[in-house]
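The structure appears below as structure tokens.
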Amino acid sequence: MHTGSRDSPARSDAHAYEPTVERPGTILAAVALMYCGAVLQLAGLIVVLGGLNTARLKARTADARARAGGLSDDEFSGALQSGATIGAVVIIVVSLAAIALWIWMARSNYRGLRWARTTATVLGVLGIIGCAFSAIGADGGGTAVLDIAIAVLAAGIVALLHHRESTAFYAAMDVS
């Protein structure tokens with residue numbers, strides 16, 4: 001489909017959303033940090049899944065076995081295995097959804113969609129709160145470090161999205 005004049009190149013429908021407004025550095029930085037957030041989320045998934053078979057978890061299992069009382073060893077092992085499997089599946093699904101959100105928000109904010117800035121801000125604030133609670137309740141190690149890194153990253157992204165240059169970019173994208 002040719003939408004330009006005889007002297008201008010044709011634009012496909014796939015690129016119809018491309019802005020004529022130049023993206024400021026604050027938007028480019030926020031988008032890059034969102035992609036970093038997706039990578040950190042993936043690293044967190046790997047750390048958590050790798051930690052499912054740690055000595056600390058085994059100690060908790062022994063403590064739970066002592067309190068289980070009426071269960072046979074086979075019943076307790078079966079219940080423990082089922083719980084671990086369900087927990088791993090939930091962790092994987094939630095982490096993959098979070099990775100998808102990071103990427104979706106990066107792409108949508110790159111396009112200058114005002115709703116994406118609002119959504120990213122809300123998700124960022126919720127992420128900061130969630131990471132703070134998670135870091136406080138973490139048993140130390142890699143997950144607490146990743147929680148703090150993601151919270152700092154989210155705070156930086158929200159600040160960049162609401163910078164004066166970013167606000168002008170979203171306003172210009174609304175009218176273009």
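Convert each backbone phi in the stretch 99-109 into a coupling constant with the Karplus relation 6.51 cos²θ - 1.76 cosθ + 1.60 (shift: θ = phi - 60°), then list the ³J(HN,Hα) values in order as whole Hz, x for Gly and Pro.
Rounded to whole hertz, the list is 4, 4, 5, 4, 5, 4, 5, 4, 5, 5, 6.
So what J values fall out for the stretch 146-153 if you push phi through Karplus, 6.51 cos²θ - 1.76 cosθ + 1.60 with θ = phi - 60°, rounded to Hz, Gly and Pro as x?
So the Karplus estimates, Gly and Pro as x, are 5, 4, 5, 4, 5, 5, 5, 4 Hz.
Mind ordering 31-40, 101-110, 163-172 by average Cβ neighbours within 10 Å, highest first? If you can, show how the numbers build up before the last one.
Values: 31-40: 18.4, 101-110: 20.0, 163-172: 15.7.
With the highest mean Cβ count within 10 Å placed first, the list reads 101-110, 31-40, 163-172.
If you plug each phi of the stretch 36-47 into the Karplus form 6.51 cos²θ - 1.76 cosθ + 1.60 with θ = phi - 60°, what whole-Hz ³J(HN,Hα) values come out, in order, with x for Gly and Pro?
With the stated coefficients, the stretch 36-47 comes to 5, x, 5, 5, 4, 4, 5, 4, x, 4, 5, 4 Hz.
Any read-out appearing in this document is the output of simple, stated calculations on the displayed coordinates, not a laboratory observation. As the structure is a computational prediction, the values presented were derived from the model and not from experiment. Counting neighbours? That spans all protein chains shown, and the Cβs are built from the backbone with ideal geometry, glycine included.
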